[in-house]
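See below for the structure under consideration.
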Amino acid sequence: AFVENRQANVPELEVQYSDFAIWQRNYLQGEVLNKKLDYWKGKLSGYDTLNLPLDKTRPSQQSNAGANFSFTIDKALSENINALSVDNGATLYMTLLAAYNVLLHRYSRQNDICVGTSMASRDIREFENLIGFFVNTLTLRNQIETKGDFLELLLQVKTTTLQAYEHQDVPFEKIVEAVVEERDPSRNPLFQVMLVLANTPDGDTLKLGNLELQLENYEPNTSKFDLTFFINETEDGLRGLVQYATDLFTESTISGMVNHYREILQSVTTNPNQKIEEIGLV
């Protein structure tokens, strides 16, 4: 508008970010907060710390040193994953998470798995166009029954995820205060790995008059957690990025883990009724 020497016709916002902050503070207190915290206490009490096999000794103080590893899941397999999700009343994320749980179980040999995820938390219409940080972190805990089949795990993951969405209003730090009895400076509390699905559609290059904008890729050499799988939907399939702690893992280990994850997805879409212990990694 400035370049074109005209008035900027920006619509008035219905609410400001401060309105959201006041609403959240007024809403999350007393009986409402206690009821939501009771859910998280019941769900996460007595959780097991995930112990993946590491390439290096875990430092006593967690650092943020990290690296990234990119991968893809081709269109055919992506379509099969979506079809499996639809057939079982699940979302794409739920199916990816169930397979991720299988991967973590096979690597750690643990049955109690906690995975973190991010929520946009813009579930009120007035917040959709508001500039501000709404994202909250959720912990999704599932139990792996090796004699059970993948569809049973998918149903459990679906239930866990939907319940977590119902109680997503509670800030992560409040849950940590309520559940974690003793903090370990070498690990993130509650979970050490994440799975995040971004389903924002790919858009054309933005053009504002004579001003042209384009996406510039940036890969930070940091990792907030031991391991995070970021997956994005595209027209050509799924595009993934693993962000991992270089204090713990080497690139070759992450490459092998990605191949195993892809193979698990291939295996369960081919035969979703197979038992967890029978799902092949190679």
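The values are calculated or read from the model by the stated rules, or taken from the named source; none is laboratory data. Quick caveat, the model's predicted, so the values are computed rather than measured. Cβ: placed from backbone, ideal geometry, glycine included. Neighbour counts: every protein chain shown. Areas reflect the complete protein model, heavy atoms only, side chains present, ligands, DNA and RNA absent. Shrake-Rupley method; radii C 1.70, N 1.55, O 1.52, S 1.80 Å.
With the condition kept exactly as written, say whether any residue in the stretch 85-94 is over 18 Å from residue 256 (Cα atoms), in a loop (DSSP other than H, G, I, E, B) and either at pLDDT below 95 or open to solvent by less than 20 Å² (accessible area, probe 1.4 Å) (or both).
Pass one, the stretch 85-94, residues over 18 Å from residue 256 (Cα atoms): 85-94.
Then keep just the ones that are in a loop (DSSP other than H, G, I, E, B); that gives 88-91.
Then keep just the ones that are either at pLDDT below 95 or open to solvent by less than 20 Å² (accessible area, probe 1.4 Å) (or both); that gives 90.
Within the stretch 85-94, one or more residues are over 18 Å from residue 256 (Cα atoms), in a loop (DSSP other than H, G, I, E, B) and either at pLDDT below 95 or open to solvent by less than 20 Å² (accessible area, probe 1.4 Å) (or both).
Can residue 214 be described as polar (S, T, N, Q), over 30 Å from residue 3 (Cβ atoms) and not in a helix (DSSP H, G or I)?
Working: polar (S, T, N, Q): yes; over 30 Å from residue 3 (Cβ atoms): no; not in a helix (DSSP H, G or I): yes.
It is false that residue 214 is polar (S, T, N, Q), over 30 Å from residue 3 (Cβ atoms) and not in a helix (DSSP H, G or I).
Return the total of residues in the stretch 1-15 being touching a helix residue (DSSP H, G or I) at 6+ places or on another chain (Cβ under 8 Å) and surrounded by fewer than 10 Cβ atoms within 10 Å (Cβ to Cβ).
Initially, the stretch 1-15 is screened for residues touching a helix residue (DSSP H, G or I) at 6+ places or on another chain (Cβ under 8 Å), giving 14-15.
Retained after the next criterion (residues that are surrounded by fewer than 10 Cβ atoms within 10 Å (Cβ to Cβ)): none.
Matching residues across the stretch 1-15 total 0.
In the stretch 156-163, is there at least one residue being in contact with a His (Cβ under 7 Å, 6 or more places away or on another chain) and among the β-branched types (Val, Ile, Thr)? Lay out the reasoning, then the answer.
Our first condition is that a residue be in contact with a His (Cβ under 7 Å, 6 or more places away or on another chain); within the stretch 156-163, this holds for none.
No; the residues of the stretch 156-163 include none that is in contact with a His (Cβ under 7 Å, 6 or more places away or on another chain) and among the β-branched types (Val, Ile, Thr).
To keep it simple, each residue is scored yes or no on (1) free of Cβ contacts under 8 Å to residues at least 24 places away in the same chain; (2) open to solvent by 40 Å² or more (accessible area, probe 1.4 Å); (3) in a strand (DSSP E or B); (4) of a type in the set (S, T, N, Q).
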position	(1), (2), (3), (4)
163	no, yes, no, yes
174	no, yes, no, no
182	yes, yes, no, no
185	no, yes, no, no
188	no, no, no, yes
194	no, no, yes, no
229	no, no, yes, no
239	no, yes, yes, no
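For the condition surrounded by fewer than 18 Cβ atoms within 10 Å (Cβ to Cβ) and within 29 Å of residue 145 (Cα to Cα), what is the one hit in 278, 251? Don't jump to the end; show me each part of the working.
Working: 251 fails: within 29 Å of residue 145 (Cα to Cα).
After applying the criteria, what remains is 278.
Table: residues versus (1) among the aliphatic types (A, V, I, L, M); (2) free of Cβ contacts under 8 Å to residues at least 24 places away in the same chain; (3) in contact with a His (Cβ under 9 Å, 6 or more places away or on another chain).
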| residue | (1), (2), (3) |
| --- | --- |
| 48 | no, no, no |
| 66 | no, no, no |
| 71 | no, no, no |
| 87 | no, yes, no |
| 111 | no, no, yes |
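Exactly one of (1) open to solvent by less than 80 Å² (accessible area, probe 1.4 Å); (2) under 30 Å from residue 122 (Cβ atoms); (3) in a helix (DSSP H, G or I); (4) of a type in the set (A, V, I, L, M, F, W, C) is unmet by residue 73. Its number?
(3)
Can you name the residue in the stretch 24-57 that is among the charged types (D, E, K, R) and exposed (fewer than 15 other Cβ atoms within 10 Å of the Cβ) and, of all such residues, is farthest from residue 187 (Cα to Cα)?
Residues of the stretch 24-57 that are among the charged types (D, E, K, R), as a first pass: 25, 31, 35-36, 38, 41, 43, 48, 55-56.
Next, from what is left, pick out any that are exposed (fewer than 15 other Cβ atoms within 10 Å of the Cβ): 25, 31, 35, 38, 41, 48, 55-56.
On the way: 25: 29, 31: 32, 35: 28, 38: 24, 41: 20, 48: 13, 55: 16, 56: 15 Å.
Only one residue tops the list, namely 31.
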